[in-house]
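Accompanying notes for the structure given below.
The values are calculated or read from the model by the stated rules, or taken from the named source; none is laboratory data. What you see is a predicted model; the values in this text were computed from it and never measured. Here Cβ is always computed from backbone atoms with ideal geometry, including for glycine, and neighbour counts include all displayed protein chains.
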Amino acid sequence: MAYNLKNHSPFKFIAENSTGLSGLEQKPELQYIPNTYETGAMLGLLCEVGKKIGTATKLNKLVKQITQMTQRTLNATASSVLLFDDKEQELYFEVAEGESERALRKIKLNARAGIAGWVAQNKKPIIINDVMKDQRFDPSVDELTGFTTRSIICAPLLVQRKLIGVIEVLNKSDGSDFNGWDLETLTSVASTAAMAIENAQLHQTVLNAYKSTIKALAAAIDAKDHYTRGHSQRVMEYALMGAVPLSLSREDLDILEYAGILHDIGKIGITDSILRKDGQLTDQEWELMRQHPAIGADMLKDIPFLEKTRVLILHHHERYDGGGYPNGVSGEDIPLGARLIAIADAFDTMTTDRAYRAAFSVDKAIKELVRHSGTQFCPIALEAFISGYNNQQKNPAAGNGNHDLPEND
Ligand SMILES: [Fe+2]
């Protein structure tokens, strides 16, 4: 199933010489005079890396771009960036380019062993044009990947002498040796890349802290009603299951994740006497209850990071036929993420026990969703949810109850 999502607002939305000395110690190599092409290539590479630093915040994407550009500029067949795990004293492949990428991503190396380990320990770059003649070369990685390393240049990633990791480039495509200029290029890229990687790591740390705060907020909402414990987390998970067949971008998945878990945050503004009421709500109480999407969107208005998330929260109770709230928008005017959350919300509501009924079985809940396809729910989003849910092979929740589709509260 493939959909064109461009119109779904807001988803409209990477050598020794056999003496075993480091490259910097090989003065004859560094006296190499680069030609115009090589100088231009190095400047071009540094310029591109600089641009990426200004825009990339996702660590893996950033490192992959830097690695690809470096490998291409140095005309090599493989390259990788290994990040340093200070606690475990290990180097692990954050990104690898070349045929062995998948195998390399599972490998962790002793940060004191091998050529990469030597570079990490000594914080010096190295150039080795015949690894078989170098005692530091550890053939175990090649044995695991099937790749044959002939030559390597490797440079440490340092920020103010602090080791972030190492970057290495393997085997010239034309079989020639790496030279001092190649090493100079790699060392220059390494110093710039190290700062970029550290920035991205800091960004990720802040993002993780943000996610923890969001989860705590969601738990606070659910705690207001013991029947909805874990509801926000499950709605997020169900919405993301529905997103899989739709092939949403990483950014859209993030927006959906935050909106899924925060969709009912506006209920913090609804009195407990309404939220915890066992019986039917009066018309006046329903009117207050229906304000929670707008209250939630308003609560988050000063957080730029959640700007697109707010839109999904605001519209998570809209109906496909226009009969929902707060704005009564219909069809594809409802953001796709909000349509997915509406389905996930109803599905979780039906498959969990409530004060007034036992939980529906999964089969029954899905039948109810399908029965309301095209009226309450978007057919495309519903098909994606059912497909995504089935792919997850979840166990159905037990229980039986009445046949009325509860308003997804
Ligand atoms: Fe809600």
Quick one: which of Q291, Q280 is farther than 15 Å from C378 by Cβ and more than 15 Å from the ligand (Cβ to nearest atom)?
Q280
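Can you tell me which residues in the stretch 244-277 are hydrophobic (A, V, I, L, M, F, W, C), more than 16 Å from the ligand (Cβ to nearest atom) and surrounded by fewer than 19 Cβ atoms within 10 Å (Cβ to Cβ)?
Within the stretch 244-277, V244, L253 meet the criteria.
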One residue is enough: does the stretch 73-80 have a residue meeting the conditions at pLDDT below 65 and either within 21 Å of S173 (Cβ to Cβ) or part of a helix (DSSP H, G or I) (or both)?
no
Do any residues in the stretch 252-278 that are over 14 Å from E237 (Cα atoms) have Cβ atoms under 8 Å from those of residues that are modelled with pLDDT of 90 or more and not in a helix (DSSP H, G or I), where the two are at least six apart or on different chains, and which pairs are they?
G266/Q291; G269/Q291; I270/Q291
Can you find a residue in the stretch 392-408 that is assigned to a loop (DSSP other than H, G, I, E, B), buried (at least 19 other Cβ atoms within 10 Å of the Cβ), within 16 Å of the ligand (Cβ to nearest atom) and modelled with pLDDT of 90 or more?
no
Kindly indicate whether M299 is of a type outside the set (S, T, N, Q) and more than 13 Å from the ligand (Cβ to nearest atom).
yes
